[in-house]
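Every read-out reported here was derived from the displayed coordinates using simple, explicitly stated rules and does not represent laboratory data. All values derive from a computational prediction rather than experimental measurement. Note that we place each Cβ from the backbone using ideal geometry, even for glycine, and neighbour counts take in every protein chain shown.
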Ligand code: C2O
């Protein structure tokens, strides 16, 4: 059976490192839940720009939207703090699997990785757009799969980001690209099956392992005990660069399916398709999203700026 959405009113305090917020990472709760609906087909497309190519006006919008989100009160489910906590709650054991109180719910290390993060970013982006009243607002993507995309706009960097050197030399080695999303069988791309009653973390897919996780670690601060923010699940969402990183992870899923040959498509197992999560939307409403709602970016009314894809011809 598919993984059911967690009962978020049963959020548990998780042992977080002491210097962090001692409270917990539990986002706001509600018992009123609505079902996901696709935006209408006439909704304008949001085209996510490559961060290194972003124009001044879009960068200013991005900065303003993030600042507004950060200025919302912590108990607003759309606040930056609540949104970061959503990520923490779904991966640090704060939520249990519905019907299996002894099992933590974990959305990494399995086939839930791509769809969960896609839905999470979908709402994060919509909240930002609503805050600046721009229905075309789109999250920049960190184009780390191309040498030109290494450079981040200064606004996304802080003195605690130490990642540039190892990152540049290892990821951009496209001649022996171990991570390039060309592979292989479906489950090696998506990650291992994770169904109701299963223990968490059955196994990661290729992109989740590399470069996704490496980039987290390299973007975390090695001088913090746990590599905060990006280097640790509980704190990763507190760094705005997280969302640009995941915007590109999301783009890898989109591009992978477009590789010619028609062999790369979504999993058809109904336990995957019907797995469900809960997210807060731009109107502070709690929404139930199924994996099958997340498969088609066009139906979700967003896409990505076209940029050169140097790994496309690389042999896996
Ligand atoms: Cu939910 Cu990049 O991790």
Where both partners of a DSSP beta bridge lie in the chain, what percent of those bridges are antiparallel, to the nearest 5? 55
What translational diffusion coefficient, in µm²/s and rounded to a whole number, does the Stokes-Einstein relation yield for the range 8-313 at 20 °C and a viscosity of 1.002 mPa s, taking the hydrodynamic radius as the Kirkwood radius over Cα pairs? 109
Arranged by the count of other C-beta atoms within 10 angstrom, fewest first, what order do 188, 42 take? 42, 188
Running Debye on the range 262-314 with equal point scatterers at the Cα sites and no solvent, what base-10 log of I(q)/I(0) appears at q = 0.14, 0.20, 0.24, 0.30 Å⁻¹? -0.60, -0.93, -1.05, -1.17
Can you tell me, using C-alpha contacts under 8 Å and at least 6 residues apart, the relative contact order of the range 211-316 as a whole percent? 12
Neighbour counts of other C-beta atoms within 10 Å: give me 82, 201 arranged from fewest to most. 201, 82
Just want to confirm a number: the relative contact order over the chain, from Cα pairs under 8 angstrom separated by 6+ residues, in percent. 30
Jot down the radius of gyration and Dmax of the range 1-122, Cα atoms only, both in angstrom. 16.9, 50
Post the alpha-carbon centroid distance, the range 125-143 to the range 248-316, in whole angstrom. 18
For the chain, what is the calculated [θ] at 222 nm in deg cm²/dmol (nearest 500), taking -39500 (n - 2.57) for each run of four or more DSSP H residues and dividing by its residue count? -8500 deg cm²/dmol
